[in-house]
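The values are calculated or read from the model by the stated rules, or taken from the named source; none is laboratory data. A quick note: this is a predicted structure, and the numbers were derived from the prediction, not measured. Positions of Cβ are generated from backbone atoms using ideal geometry, with glycine treated the same way; all protein chains shown enter the neighbour counts. Accessible surface areas use protein heavy atoms only, side chains included; no ligands, DNA or RNA. Shrake-Rupley method; radii C 1.70, N 1.55, O 1.52, S 1.80 Å.
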Amino acid sequence: MNKWVTIKKFSEASGYSEDAIRAKTKNGTWLYRKHFTKGPDGRIMINVEEVNQWLENTAA
């Protein structure tokens, strides 16, 4: 998988719903320019490597 993927691709691969992903980007759970960024066209892109690290570091 690429380092940066669309919300749709990340949703398909991770099992998180697209709405859950958008919520994490809006409520500050995932950090802008670390876990996600916006492309020049305004599209939100998810950093798979950073989100995987986030999962590993926050797993209970």
The chain: calculated mean residue ellipticity at 222 nm from DSSP helix runs of at least 4, using -39500 (n - 2.57): -13500 deg cm²/dmol
If you average the sequence gap of Cα pairs under 8 Å that are 6 or more apart and divide by the length of the chain, what percent do you get for the contact order? 38 percent
For the chain, what does the accessible surface come to per residue with a 1.4 Å probe? Please give it in Å². 70 Å²
Name the residue farthest towards the positive end of the dipole of the chain from the options 42, 20, 58, assuming +1 on Cβ of Lys and Arg, -1 on Cβ of Asp and Glu, about the Cα centre. 42
Protein chains only, probe 1.4 Å: how do 43, 33, 22 rank by accessible area, largest first? 33, 43, 22
Quick one: which residues, 5+ away or cross-chain, put their amide H under 5 Å from the amide H of residue 6? H built at 1.01 Å from N. 46
Å³ per residue enclosed by the Cα convex hull of the chain: 85 Å³
Roll a 1.4 angstrom probe over the protein heavy atoms and tell me the percent of accessible area of the range 1-43 that is carbon or sulfur. 46 percent
What is the magnitude of the charge dipole of the chain about its Cα centre, with +1 placed on the Cβ of each Lys and Arg, -1 on the Cβ of each Asp and Glu, and no other charges, expressed in debye to the nearest 20? 240 debye
Can you compute the FRET efficiency between residue 41 and residue 14 using 1/(1 + (r/R0)^6), with r the Cβ-Cβ distance and R0 = 22 Å? Round to the nearest 0.05. 0.45
